1. Answer with one residue from Thr57, Ala77, Met94: the one whose Cα lies farthest towards the positive end of the charge dipole of the range 56-97, charges on Cβ with Lys, Arg +1 and Asp, Glu -1.
2. Size of the dipole of the chain about the Cα centre, Lys and Arg at +1 and Asp and Glu at -1 on the beta carbon, nothing else charged, in debye to 20?
3. For the range 3-102, what does the relative contact order come out to in percent, with C-alpha contacts under 8 Å and a separation of six or more?
4. What's the tally of Lys pairs in the range 3-102 whose alpha-carbon atoms lie under 18 angstrom apart, where the two lysines are 8 or more places apart or on different chains?
5. If I stretch the segment between Arg16 and Met94 completely, what's the gain in nm (0.36 nm per residue apart, minus their alpha carbon distance), one decimal?
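We did not get these values from a lab; they are worked out from the coordinates using the rules stated. Small disclaimer: the values here were computed from a predicted structure and weren't measured. When we count neighbours, we look across all protein chains shown, and the Cβ atoms used for this are built from the backbone with ideal geometry, even at glycine.
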Amino acid sequence: MSGQPMDIKLLDRNYRVMCPDGQESALREAARQLDKRLSETKSATKLSSVEQIAVMTALNLCHEWIQVQQTQDKHTAALEDKIRLLQGTIEKAMGERHNSRAE
């Protein structure tokens with residue numbers, strides 16, 4: 001995998017990370033959002049250790065991701081139910097159509 005080193009800043013600290021070619025703007029945006037979340041965690045918790053702030057932020061992000069995933073699973077299940085209902089309706093209509101032609 002090719003890439004290039006990029007400098008990002010999180011909680012006023014500089015980090016050099018490898019970035020895949022073509023993903024520079026996505027990495028900058030991810031770093032911007034992560035820095036925002038780290039700063040929010042720092043302010044809300046009054047933690048001072050960068051490691052503790054990072055862990056707490058990671059836990060919050062994972063919790064939010066799980067909630068989104070559960071919501072998407074519910075939506076997927078509801079759509080699958082609707083598709084099954086539509087398939088049943090179509091199959092019934094096709095069967096009735098086939099039976100009326102046979103008569």
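1. With unit charges placed on the Cβ atoms, the residue in question is Met94.
2. Details: 15 positive and 15 negative charges, 45 e Å.
For this selection, approximately 220 debye.
3. Values: 50 pairs, mean separation 15.0, N = 100.
After rounding, I find 15 percent.
4. Numbers: Lys9/Lys36; Lys9/Lys42; Lys36/Lys46; Lys74/Lys82; Lys82/Lys92.
Lysine pair count for the range 3-102: 5.
5. Numbers: separation 78, 0.36 × 78 = 28.08 nm, distance 6.22 nm.
Extra length available between Arg16 and Met94 comes to 21.9 nm.
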